[in-house]
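To keep things clear, I will list the structure first and then write my remarks on it.
The values are calculated or read from the model by the stated rules, or taken from the named source; none is laboratory data. No experiment lies behind these values; they were computed from the predicted model shown. Please note: Cβ atoms are built from the backbone with ideal geometry, for glycine as well, and neighbour counts cover all protein chains shown. To get the accessible areas, we keep the full protein, side chains included, count just its heavy atoms, and leave off ligands, DNA and RNA. Shrake-Rupley method; radii C 1.70, N 1.55, O 1.52, S 1.80 Å.
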Amino acid sequence: MNKEQQEIRRKSPIQIRNKKASFEYYFVDEYTAGIVLTGTEIKSIRMGKASLVDTYCYIVNGEIWVKGMNISPYFYGSYNNHSAKRDRKLLLTKREIRKLQEATKAVGFTIVPTMIFIDQKGRAKVDIALARGKKEFDKRQTLKEKEDRREMDRVRKNF
């Protein structure tokens, strides 16, 4: 991810993160994908009414889909409101999809969404990562590092 892409994410008014993913997985490779939305889904995302808890991506027939993403129904929507937990198609190039498909054939690798954000043109984007699962001792090590960083920040604030 280059500095320009990081700047776009930082400026985005909406950043819905999957905090659990960084605890459960090591991120090997990251991609930014567009997402196919219907009806009032973009309005719900702009209001911050989305969740990436327990989501994952899968590939079928050369297309990548995200399963388990919850986008709450739009409050002011009518009978045309969307289903909250439906599978949504992600937009990547064929080469990127093929690369991800080959990588996920290896044992222990999966594709997880890490963040939803709105780009400069007002479109919803999803950051996805090729991830390898952590073992129990890796998770304990992550917690220890997090606690150490927190303690160092406390000490710096006091001085």
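State all residues of region 106-117 that are at pLDDT 90 or above and not hydroxyl-bearing (S, T, Y); if no residue qualifies, say none.
Within region 106-117, the first condition is being at pLDDT 90 or above, and the residues that meet it are 109-117.
F109, I111, V112, P113, M115, I116, F117, listed by residue number.
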Practice problem: Please state which one of G39, G34 is farther than 14 Å from I111 by Cα, part of a strand (DSSP E or B) and of a type outside the set (D, E, K, R). | Solution: G34
Exercise. Take G48 and decide whether it is open to solvent by 50 Å² or more (accessible area, probe 1.4 Å), assigned to a loop (DSSP other than H, G, I, E, B) and farther than 21 Å from G133 by Cα.
Key: no
Quiz prompt | Lone unmet requirement of (1) aliphatic (A, V, I, L, M); (2) open to solvent by less than 40 Å² (accessible area, probe 1.4 Å); (3) more than 10 Å from the chain's Cα centre (by Cα) for V60 | solution = (2)
Self-check item: Filter pass, R154 being modelled with pLDDT of 85 or more, farther than 25 Å from E24 by Cα, over 20 Å from the mean Cα position of the chain (by Cα) and not in a loop (DSSP other than H, G, I, E, B)
Solution: yes
Self-check item: Boolean, V53 is farther than 11 Å from I128 by Cβ, touching a residue at least 40 places away in the same chain (Cβ under 8 Å) and exposed (fewer than 14 other Cβ atoms within 10 Å of the Cβ)
Solution: no
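Report those strands (runs of 3 or more DSSP E) wholly inside region 62-138 carrying at least 3 residues which are touching a Ser or Thr at 6+ places or on another chain (Cβ under 7 Å) and touching a residue at least 40 places away in the same chain (Cβ under 8 Å).
Numbers: elements: 63-67, 88-91, 109-118, 124-133.
The strands (runs of 3 or more DSSP E) meeting that bar are 109-118, 124-133.
Look through region 32-45, keep the residues that are open to solvent by 50 Å² or more (accessible area, probe 1.4 Å) and either in contact with a helix residue (DSSP H, G or I) (Cβ under 9 Å, 6 or more places away or on another chain) or of a type in the set (S, T, N, Q) (or both), and return whichever of them is nearest to L90 (Cα to Cα). Lay out the reasoning, then the answer.
Kept after step one, since they are open to solvent by 50 Å² or more (accessible area, probe 1.4 Å), are these residues of region 32-45: 32, 36, 38-39, 43.
Checking the rest, the ones that are also either in contact with a helix residue (DSSP H, G or I) (Cβ under 9 Å, 6 or more places away or on another chain) or of a type in the set (S, T, N, Q) (or both) come to 32, 38.
Numbers: T32: 10, T38: 13 Å.
Among those residues, the one meeting the criterion is T32.
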Exercise. Could you check how many residues of region 21-31 are in contact with a Leu (Cβ under 9 Å, 6 or more places away or on another chain) and either open to solvent by less than 70 Å² (accessible area, probe 1.4 Å) or of a type in the set (F, W, Y) (or both)?
Key: 5
Quiz item: What are the residues in region 84-101 that are open to solvent by less than 100 Å² (accessible area, probe 1.4 Å) and closer than 17 Å to L52 by Cβ, if any?
Solution: A84, R86, D87, R88, K89, L90
